[in-house]
1. Which pairs do you get when a residue that is hydrophobic (A, V, I, L, M, F, W, C), found in segment 92-106, comes within reach of a residue that is part of a strand (DSSP E or B), reach meaning Cβ atoms under 7 angstrom, with the pair 6+ apart or on two chains?
2. Applying the selection to segment 9-30, what residues are crowded, with 21+ Cβ neighbours inside 10 Å and not hydroxyl-bearing (Ser, Thr, Tyr)?
3. Quick one: how many residues across segment 103-142 are open to solvent by 50 Å² or more (accessible area, probe 1.4 Å) and either small (Gly, Ala, Ser) or under 11 Å from Phe5 (Cα atoms) (or both)?
4. Among the residues of segment 91-132, write down those that are in a strand (DSSP E or B) and closer than 19 Å to Asp51 by Cβ.
5. With the requirement that a residue be closer than 15 Å to Glu65 by Cβ and part of a strand (DSSP E or B), what does segment 1-36 give you?
6. With the checklist (1) under 16 Å from the mean Cα position of the chain (by Cα); (2) buried (at least 16 other Cβ atoms within 10 Å of the Cβ); (3) part of a loop (DSSP other than H, G, I, E, B) in hand, flag the one item Thr88 doesn't pass.
Amino acid sequence: MHIDFLTIFPDLIREAVAYGISGRAIRAGLVDVSAHDLRDFADDVHRTVDDTPYGGGAGMVFKPEPVARALAAIRDAGRCLEHVIFLTPDGKRLDQQTVNRLSVAPGLVLLCGRYRGIDERIRELYVTEEISVGDYVLSGGELPALVLMDAVVRLIPGALGDAESALEDSFQNGLLDCPWYTRPREFEGLRVPDVLLSGDHERIADWRRKVAMQRTRKRRPDLYERIEAGDAAGPEEEDAGGRGK
């Protein structure tokens, strides 16, 4: 997979992707990342990429020409423009289903807006999908684009040391994740649930699903409503809370 970022802060992108799972995936050759400075595609000595909006109003708007030239350069480099994604509060809320779908794409182009946004004609002519990471306003699209990349890259085969880990993450099965414990067995009066020490993998799997259901019902009732009521039985109180008798 090749991921192209269109941004006015390419160094921010290059620094961020060098760490963690994304960095390991890049070094392993599983994903290529290019951060394109939109100012390189401006046509004036001042490298101008924004202008005042027609009709007045506060703020500046990304001009269409630099963005179009950057997209043309990506196409001329042999990469397709099938997934040109604009990170914007107007977009569809990012969810795991979207991440799963994008993780098998041959490439992504992530357009990071700033100021008041980008000229609407770019959205009409080039953008294939608009994604939001939440109902709040950030200073630009770089952080949402990095969030999207991180979520996608960890699903690429080989990116995680344990391939099953991604399949067991929150939201993969529509549920929040279950609680997880490690040593010591007791910490400040709270004990690891006995079932996790039983060695019975079938019981452990059943417990984890039940606790995940319980947690989803409490914290995200909107998600829980999508799950059949017959699967919603919760675990015993002492196991769910981690307080042994």
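The values are calculated or read from the model by the stated rules, or taken from the named source; none is laboratory data. Since this is a predicted model, take the numbers as computed values, not measurements. Positions of Cβ are backbone-derived with ideal geometry, glycine not excepted, and every protein chain shown enters the neighbour counts. Side chains included, ligands, DNA and RNA excluded: accessible areas come from the protein's heavy atoms. Shrake-Rupley method; radii C 1.70, N 1.55, O 1.52, S 1.80 Å.
1. Correct list of pairs: Leu94/Ile131; Leu94/Ser132; Leu102/Leu108.
2. Result: Ile13, Val17, Ala25.
3. 1
4. Leu111, Cys112, Arg114, Ile118
5. Hits for segment 1-36 are Leu6, His36.
6. Result: Thr88 fails condition (3) only.
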